Amino acid sequence: MATDFVKDVMTPGVVAVRPDASLVEAAQLMRTQDIGDVLVADGQQVVGMLTDRDITVRAVADGADPLTVSVQMVCTPDPVVVAPDDPVSMAVALMREHAVRRLPVVEDGLPVGMVSLGDLAEAEDPDSALADISRALPDDARGADGRDTL
């Protein structure tokens, strides 16, 4: 791999919601930020991770009301995390072991970024199909014919 440490491939910064936020609040934040996941934080402490898939599969598919169900009820508690100075190989191993596509990056107990499967693919092989997909424009930046409008 061309890079050695998580800090070299991670996306810096985090988007977080309170555990008592509604699923609608979280989904709106995901849409606004054009992301598929948010950290669930109680103060500065990471207590969970919520993905767009969690909202769909764990709540909406079961008929739960996203206006009244809290993020804490649906998120994955105590997510596996990595540190910025951890080797990229550790992030890859953790993703495989826990069958996850994203890992929060935590330094001294505070969230500082996220590393995704796409980040790792782009770092390892920028010409791969997964790297291309990771760099693709969001759907709302494409016309009805699927072509880029930006």
**Asked** Normalised by the number of residues in region 1-109, what is the relative contact order in percent for Cα pairs under 8 Å and 6+ residues apart?
**Response** 31 percent
**Complete:** Once both label points are put 7 Å beyond Cα along the C-beta direction, the residue 89-residue 53 separation in nm becomes 2.7 nm
**Fill in**
Here the gain from full extension of residue 5 to residue 107, 0.36 nm per residue of separation minus their alpha-carbon distance, amounts to 35.4 nm
**Request:** Provide the gained length on full extension for the span residue 100 to residue 73, in nm with one decimal, where the gain is 0.36 nm per separating residue minus the Cα-Cα distance.
**Result:** 7.8 nm
**Request:** Please report 56, 68 as a ranked list, fewest other C-beta atoms within 10 angstrom at the top and most at the bottom.
**Result:** 68, 56
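All of the numbers you see were taken from the coordinates with simple rules; none came from a lab. Given the structure is predicted, the values throughout are model-derived calculations rather than measurements. We place every Cβ from the backbone using ideal geometry, glycine too, and count neighbours over all the protein chains shown.
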